[in-house]
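The values are calculated or read from the model by the stated rules, or taken from the named source; none is laboratory data. No experiment lies behind these values; they were computed from the predicted model shown. Backbone-built Cβ (ideal geometry, glycine too); neighbour counts: all protein chains shown. What goes into the accessible areas is simple: the full protein's heavy atoms, side chains included, and nothing from ligands, DNA or RNA. Shrake-Rupley method; radii C 1.70, N 1.55, O 1.52, S 1.80 Å.
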Amino acid sequence: MIGLFDRLSRPFLRALDPEDAHRLAIKALRFMPLAKAPADSDELAVRAFGLKFPNPVGLAAGFDKNAEVPDALMRLGFGFVEVGTITPRPQAGNPRPRLFRLESDQAIINRLGFNNDGAAAIHMRLAARRDAGGIVGVNIGANRDSKDRSEDYARLIETFSAVASYFTVNVSSPNTPGLRDMQQAKVLDDLLARVIDARERLRPRANLTPVLLKIAPDLTLPELDDVVGVARKRHVDGMIVGNTTISRPSSLRECDRRHEEGGLSGKPLFKIATRMLAETFVRTEGTFPLIGVGGIDSGATAIAKVKAGATLLQLYTALVYRGIGMVTEIKAELATALKRGHRNSLASMVGSDAATITAESWPA
Ligand SMILES: Cc1cc2nc3c(=O)[nH]c(=O)nc-3n(C[C@H](O)[C@H](O)[C@H](O)COP(=O)(O)O)c2cc1C
C-alpha cells in the first residue's frame, strides 16, 4: 500500500512547485484512508524522557507545521511526530518562492519563516486528538515581530502542556532574523529559566512535559560548550541536533540554487549534523538523551546517527526524494543490525562511535 502510494505520487508531486506539492501531500494524508503500519517489534522500542516510543524514527518539525495529520503519519510507521514550529500568533512567513529543491544534491533550501496557523487554531486540533495516543511533540518558536521572545516560548508552554507529549524549544531556525542569537549563553539561560519555570507553575494541574532544546549545526565548538552547559544547568530533558544549516558545503552540485538564502537540509547536511551530534554527545556525558536529525535517508545513515550519539532519530527531506516507504526500510535495517550484533535494544549502540568521530578532521 505504502509502496504503491510512493510510486504513484512521487513523480507527480516532484513535478509541482515544492510548496504546492507539500500542501497536496498534507491534503492526501488528511483524506486518504490509510491502513495502520504493522506493529513494531519490541527491540525497536525506545524509552526516553519518560516516554515509550514504539520505534526511534520520528518525523522532524516543519512537515506538519499546523498539526493537521500527526495520526496519519504515525499510521504510516513513524514512531513519533513533531508538529510546528508554532508561534503564539498566526504568521504568514516570508514571501514565495521560499522553498527550493536541489534535486541532484537530494537537498532542500527553505526560508519559510515560521508560517503557521498560530497557537489557538493548532491547540484546538491537538485537543481534538488528545485521546488518540501516540507521541506528538510540539515545537515552539517566537513571532517574528515579538517584543519579548522569551515570553512567547513561556506562553506556548502554558497553552500546549495538556496536549504535548514533549516540547521542543526551537532557537535554531535561520529564517527568523535574530532567533539563533538566542543560543548565546546569557540569553539562552534566561529563556530556559522562563520555560522551565512556566512548566513548573503548571505542575499541580499537569504532569511535567519534557522540554528539549533544538540547536543549529552551525555553532562553533566554544558556543556548543556554552549551550550544553546551560542546558545541563537548567535541566532540560534532551536536545535535538540539529536544525538546517546556513553553510553551503563545497560538494553541492546545484550551482544556481545553492545561493538561495535559507536553511539547507538533506543529504549534504548529514556529515556536519552528525559531527555536531557526536560533539554534543561527548559534552552531555549521558545527562540526557539526544535526537539525531540531518540527512538521514537509509538504514546505514540511521545507524551512523545512533553510533554518533542519537537515542532517537528524526528526518524530513529524504521523504521528498525517497518516499514514505523509507521509514519501513530504516526500521527493518535497524532491526537487522540489532539481530546481527545479538543486541536486544539500540541503547548499547548509542554513542559508540562518538569519540572516534570527534577526533576526525572537521567535515568540509
Ligand atoms: C521545508 C522545511 C521546513 C522546516 N521547518 C522547520 C520548523 O518549522 N521548525 C524546526 O525546528 N525545523 C524545521 N525544519 C528543519 C527540520 O526539522 C530538520 O531539522 C532538518 O530539515 C534536517 O533534517 P533532514 O535533513 O532530514 O531534513 C524544516 C525543514 C524543512 C526542509
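Points worth noting:
- Estimated FRET transfer efficiency (Ala332, Thr287; beta-carbon r; R0 25 Å; 0.05): 0.20
- What you get for the chain, charging only the Cβ of Lys and Arg (+1) and of Asp and Glu (-1), is a dipole of about 560 debye around the Cα centre.
- With a cut-off of 12 Å between beta carbons, the residues surrounding Gly299 carry a summed charge of +1, where Lys and Arg count +1 and Asp and Glu -1.
- For Glu200 and Ser345, a Förster radius of 41 Å and the Cβ-Cβ distance give a FRET efficiency of 0.80, rounded to the nearest 0.05.
- Cα-based equivalent ellipsoid, segment 274-320: semi-axes from gyration tensor eigenvalues, Å: 20, 9, 8
- Overall, the accessible surface of the chain at a probe of 1.4 angstrom is composed of carbon and sulfur to the extent of 53 percent.
- Modelled spin-label separation between Asp131 and Ser104, with each label point placed 7 Å from Cα along the Cα-to-Cβ direction: 5.5 nm.
- Packing, taken as the mean count of other beta carbons within 10 Å per residue, orders the peptides 263-271, 213-221 from highest to lowest as 263-271, 213-221.
- Segment 262-298 residues near the modelled Arg248 label - backbone nitrogen below 20 Å, point 7 Å along Cα→Cβ: 262-273, 295
- For segment 333-347, putting each phi into the Karplus relation 6.51 cos²θ - 1.76 cosθ + 1.60 with θ = phi - 60° gives couplings of 6, 5, 5, 5, 4, 5, 4, 4, x, 6, 10, 9, 7, 6, 3 Hz, in residue order, rounded to whole numbers and with x for Gly and Pro.
- The listed peptides 95-104, 51-60, ordered by packing as a protection proxy, come out as 51-60, 95-104 (highest mean of other Cβ atoms within 10 Å first).
- Assuming charge only on the beta carbon of Lys and Arg (+1) and of Asp and Glu (-1), the dipole of segment 258-322 about its Cα centre is about 200 debye to the nearest 20.
- Paired Rg and Dmax values of the chain, which use every Cα atom, in angstrom: 18.9, 55
- Label zone at Glu360 (point 7 Å along Cα-to-Cβ), backbone N below 18 Å, segment 229-247: 241-242
- Accessible surface computed residue by residue for the chain, with neighbouring protein chains in place and a 1.4 Å probe, gives 42 Å² per residue.
- Charge-dipole axis of the chain as Lys and Arg at +1 and Asp and Glu at -1 on Cβ define it, positive-most pick from Leu156, Thr244, Ala364: Leu156
- Note on exposure: Glu261, Glu43, Glu223 ranked by accessible area (1.4 Å probe, complete protein assembly) read Glu261, Glu223, Glu43, with the most exposed listed first.
- Straight-line cross-link reach from Lys214 at under 26 Å between alpha-carbon atoms covers these lysines, not counting any fewer than eight positions away in the same chain: Lys52, Lys65, Lys147, Lys186, Lys233, Lys267, Lys271, Lys305, Lys307, Lys331.
- Over all other residues within a Cβ to Cβ distance under 15 Å of Leu221, the charged ones net out to -4, with Lys and Arg as +1 and Asp and Glu as -1.
- Calculated log₁₀ intensity ratio I(q)/I(0) where the Debye formula runs over C-alpha points of segment 58-193, q = 0.19, 0.20 Å⁻¹: -1.12, -1.21
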